[in-house]
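Here, each number is a calculation from the coordinates, and none is a lab measurement. Small disclaimer: the values here were computed from a predicted structure and weren't measured. With ideal geometry, Cβ positions are generated from the backbone for all residues, glycine too; neighbour counts draw on all protein chains shown.
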Amino acid sequence: MQQGYTGPEVCKITGITYRQLDHWTTSKLIYASIRNLKGSGFHRIYSFQDIIQIKLVNKLREAGVSLQKIRIALKNIENILGDDTQISDVSIFSDGKSIYVISDNDQMIDLLKSGQAVFGISLGPVHTEAEAEIFSLYPDKVSSQNA
């Protein structure tokens, strides 16, 4: 049986209020995937992956991202990466305006623009490549550059 966490436990773990948790769950932003029953005497039970998703939502909210954008992003994560992808297996980035995910093939995808790929350049390899080119073409300039 999968380990589960009650609402109050989730609030302690994630640092959100019970009111936030209840709102996010009843508005179907997040789910209590182990038990999501309504009614008196029944408690929702959240999984560890649910807690990761709740922490993600909270961090995005702290970064100023609206719940509407977060809802779109979470839906697009499933659509783009598939239902079997665990939220903890991806890297999410945000500049406060948009939300990006890194896919399995190291492609950055804008989750708010229906999966539009974003072009990115890591400058560390560019630096190494430029040094190698300069060294091979102009070896005498490399020693004066490092001085």
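Rounded, prolate or oblate, given the Cα gyration tensor of region 52-106, with a/c below 1.5 counting as rounded? Before the final figure, lay out each step's value.
On the way: a/c = 1.71, a/b = 1.60, b/c = 1.07.
Judged from the Cα gyration tensor, region 52-106 comes out prolate (a/c at least 1.5, a/b above b/c).
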- Would you mind putting 13-25, 48-60 in packing order, based on average other-beta-carbon counts within 10 Å, highest first? 48-60, 13-25
- Message: Below 8 Å between Cα atoms, with a sequence gap of 6+, how large is the relative contact order for region 1-62 in percent?
- Response: 38 percent
- Item | Chain lengthening between ILE13 and SER98 when straightened (0.36 nm per residue, less Cα-Cα) | 28.0 nm
- Message: Restricting the calculation to Cα positions, tell me the Rg (one decimal) and the Dmax (whole number) of region 1-62 in Å.
- Response: 10.7, 34
- Item | Point-charge dipole on Cβ atoms (K/R +1, D/E -1) for region 1-104, about Cα centre, debye to 20 | 500 debye
- First select every other residue whose beta carbon is under 13 angstrom from the beta carbon of TYR5; then total the charges, Lys and Arg +1, Asp and Glu -1. +2
